[in-house]
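Values in this text are rule-based calculations from the coordinates and carry no lab data. Because the structure is a prediction, the values reported are computed rather than measured. Please note: Cβ atoms are built from the backbone with ideal geometry, for glycine as well, and neighbour counts cover all protein chains shown.
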Amino acid sequence: MAMEQSYIMIKPDGVQRGLVGEIIKRFEQRGYALKGLKIMNVQRHLAEKHYEDLSSKPFFPALVDYIISGPVVAMVWEGKGVVATGRKMIGATNPLASEPGTIRGDFAIEVGRNVIHGSDSVESAQREIALWFPEGVTEWTQVAKPWIYE
Ligand code: DAT
Ligand code: MG
């Protein structure tokens, strides 16, 4: 059975602030496997599509402007429970409500500059991975798996 995957994206503020290594480190150390990784400038239509469920919200235009304001790091991480656990590692949407120890709780203050995106369900993860990685992701086997999974 294929392992669960999540779409994780370091937003422009996270890239500009030099948090890429720190964030990758946390997912690697947890035991998850990196299957897709690229830095890219985001076209407006891609940002709008990614957040299409929020298009009626008053903050939608500012959200899209923020996502296209600089390069993002788009990633696919794989492993047991990665969607829900990734969300826990990321913290609450509003960083002021994020627990210390989470990425937003350690590195952010404002909801409009909250450093990182993580898929909120397995279904959204599949949609987002198809959207951001239409070329597909890298197939490789994590040989450390028997030391991470029983
Ligand atoms: P999350 O990123 O935690 O999945 P979301 O999907 O509800 O949160 O919203 C997507 C992004 O939109 C979020 O990371 C920051 C922005 N956002 C959400 N709620 C907001 C609000 N009330 N005011 C301003 N920006 C908001
Ligand atoms: Mg969301």
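Mind counting the residues in segment 69-90 that are more than 12 Å from ligand 2 (Cβ to nearest atom), closer than 21 Å to residue 19 by Cβ and without any contact (Cβ under 8 Å) to a residue 40 or more places away in the chain?
Result for segment 69-90: 1.
Going through 92, 130 one at a time, which residue ends up being among the aliphatic types (A, V, I, L, M), more than 15 Å from residue 9 (Cα to Cα) and out of contact with any Phe, Trp or Tyr (no Cβ under 8 Å at 6 or more places or on another chain)?
92
With the checklist (1) under 21 Å from residue 90 (Cα atoms); (2) surrounded by 14 or more Cβ atoms within 10 Å (Cβ to Cβ) in hand, flag the one item residue 53 doesn't pass.
Residue 53 satisfies every listed condition except (2).
Could you list, in sequence order, all residues of segment 1-29 that are surrounded by fewer than 20 Cβ atoms within 10 Å (Cβ to Cβ), of a type in the set (Lys, Arg) and under 15 Å from the mean Cα position of the chain (by Cα)?
25, 26
So in segment 69-83, with the set limited to residues that are buried (at least 16 other Cβ atoms within 10 Å of the Cβ) and within 14 Å of ligand 1 (Cβ to nearest atom), which one is farthest from residue 108 (Cα to Cα)?
Applying the filter and picking the extreme gives 83.
Residue-by-condition table, conditions (1) without any contact (Cβ under 8 Å) to a residue 60 or more places away in the chain; (2) assigned to a loop (DSSP other than H, G, I, E, B):
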| site | (1), (2) |
| --- | --- |
| 92 | yes, yes |
| 96 | yes, no |
| 105 | yes, no |
| 125 | no, no |
| 138 | no, yes |
| 147 | yes, no |
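Exactly one of (1) within 11 Å of ligand 1 (Cβ to nearest atom); (2) within 23 Å of residue 38 (Cα to Cα) is unmet by residue 94. Its number?
(2)
Restricting to segment 60-83, what's the tally of residues that are assigned to a helix (DSSP H, G or I) and either in contact with a strand residue (DSSP E or B) (Cβ under 9 Å, 6 or more places away or on another chain) or not hydrophobic (A, V, I, L, M, F, W, C) (or both)?
Selection size over segment 60-83: 6.
Among the residues of segment 31-49, which ones are out of contact with any strand residue (DSSP E or B) (no Cβ under 7 Å at 6 or more places or on another chain) and either among the hydrophobic types (A, V, I, L, M, F, W, C) or in a helix (DSSP H, G or I) (or both)?
44, 45, 46, 47, 48, 49
All but one of (1) touching a strand residue (DSSP E or B) at 6+ places or on another chain (Cβ under 8 Å); (2) within 16 Å of ligand 2 (Cβ to nearest atom) hold for residue 137; which doesn't?
Status for residue 137: all satisfied but (2).
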